[in-house]
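A short reminder: the numbers here are calculations on the coordinates, not readings from a lab. A quick note: this is a predicted structure, and the numbers were derived from the prediction, not measured. All Cβ positions, even for glycine, are placed from backbone atoms using ideal geometry, and neighbour counts span all protein chains on display.
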Amino acid sequence: MKRRTLSSMAALPLCAAALMCSPVRAQHGEHGQHEQEEGEFSQPKTYSQAIHVVQRQLDRIKDLIATRKLDRVHAEAAVIRDVAKIMARLALQRDSAVPREAIREINLTAKDLAARFGPIDEAGDSGDRAGTQKVYDEMVALFETLKKFAPSHEQAYACPMSCEGYKTYDEAGNCPVCRMGLKTVSADWTNFSAQVTAQSGSITPGEQVALDIILKDGDGKIVRKLQTRHEKLLHLIMVSEDLSWFAHEHPQLQSNGTFSLASTFPMPGTYVLFHDFAPTGIGPQVAPAVIHVEGTAPAPVKLKVDASMTKRVDGYTVTITTNGPVTAGEEVVVSYNLAHDRKPVTNLDSYLGALGHLIFISSDLEHYVHSHPLGAEHDTAAHQDDQRGVGRHREHDEHGGSAQSSTSSLVSFHALFPEAGLYKGWAQFKHQGRVITVPWVVDVKPSDNHDEHGERDRRAGHDH
């Protein structure tokens, strides 16, 4: 039977405490007028940074076309237009490393790219998906010309969450804002993707299906060099569209560099698969992919904020606390106090190299937050190139590799939510050989320091 390739969304970068898997939203007022100020972003300072920004925006537009959110294309395309207008000037900088003979071609190509803003904005606003795709393809072709002049030898480090705009550093270290590890800046660091194929050609609810997974880089090539993170090469977080169903799996690496997973999806409808991995020399990435399970999807389960901060799961009582309000763009500490048979659980097992894992996903599936317990050791050496390739990875995990054990019933996590709104979270712990998953729905409030749309451009990632 012929295999059917399921649709996928482009990968987005990770970072300290949250991972934004979505584009900046376009804001519309009455009569379809755009209210958000265009060009409201921290402009890149180098040609390489400009390439990174345009690549990111193209990835976001690709996602919007795939998910039919065409009214949001405006804001993403506006950033591309504004960056394209300054690319020739950035290429002319003394230390740009761009060949002088390429300046004229860069100037003309960048002007053509900026000029595509009007057509793609018009197509998006009118809901013309085919027209939007056509202009997007033209923009990608122009970008490929601009990208080939980006210096490949430049080694720089930055926070993937853009805590400091597009500021870069000459050496690896930690972001001074979110305190997480900087990662290598490259022109394709936001352009990884995942392709998911059902071997049976379709997916039937309640029946096991074999999935083939291919991780690809920006050139469409299979990613063959991966780093082991939290004891696995690939972590796969799967959720139903309404977030009522959740699974954390670990596909198996095959000899050809692809991955395979046998799984069962409980009901018809749409599911999003977040592929969490770290290409060697690049750093953590998340590549979302959408799959569809055959049949008529049931009515979605509406998310409701948990009235109680105490959860009872599989005989465990878990009390959730925070160190203050849960606010968009501001770091919060989320703590879980575990008890069993009315006794504090002080002997948690190590689960995937940590005492626990905490994942939040926004109700619109656009933001992904993955955190690990406070006190975990951030081993920057684990983010360096591993020339041994797939199948021969470090024996130690990025947190130092040694199995952790608890002496307290309280496990705390850093979390940073990129935008306000409803999020559903799943905290996972292991006790006496059993994994405990604790769900929690939280309403993240807008920041007092920024208007609701003031930091659409913040990036997100992992608290590793």
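Odds and ends about this structure:
- From the alpha carbon centroid of segment 102-142 to that of segment 56-94 is 9 Å.
- Nearest-0.05 FRET efficiency for R68 and R342, computed from C-beta distance (R0 30 Å): 0.05
- Segment 224-333: translational diffusion in µm²/s, Stokes-Einstein, Kirkwood Rh over Cα pairs, 20 °C, 1.002 mPa s: 125 µm²/s
- Length added when fully stretched, D137-T437, from 0.36 nm per residue minus Cα-Cα: 103.8 nm
- For segment 331-339, Karplus couplings with θ = phi - 60° (6.51, -1.76, 1.60), whole Hz, Gly/Pro x: 5, 10, 9, 9, 10, 10, 10, 9, 9
- Residue ranges 239-247, 214-222, 276-284 sort as 276-284, 239-247, 214-222 when ordered by packing (mean number of other C-beta atoms within 10 Å per residue, highest first).
- Put simply, segment 204-281 fits an ellipsoid with semi-axes of 24, 13, 12 Å; these come from the alpha carbon gyration tensor as the roots of five times its eigenvalues, largest first.
- Taken along the Cα-to-beta-carbon direction at a fixed 7 Å, the label points for R100 and Q208 span 6.7 nm.
- Residues whose placed amide H lies under 5 Å from that of F192, excluding near-sequence neighbours: A11
- Over 27 Å apart at the Cα level, from the set K62/K430; K302/K430; K232/K424; K62/K148, are K62/K430; K302/K430.
- Once backbone amide H atoms are built at 1.01 Å from N, H367 has C21, S362 as its partners under 5 Å, excluding neighbours fewer than 5 places away on the same chain.
- Long-range HN-HN contacts of T228 with modeled amide H, under 5 Å: R394
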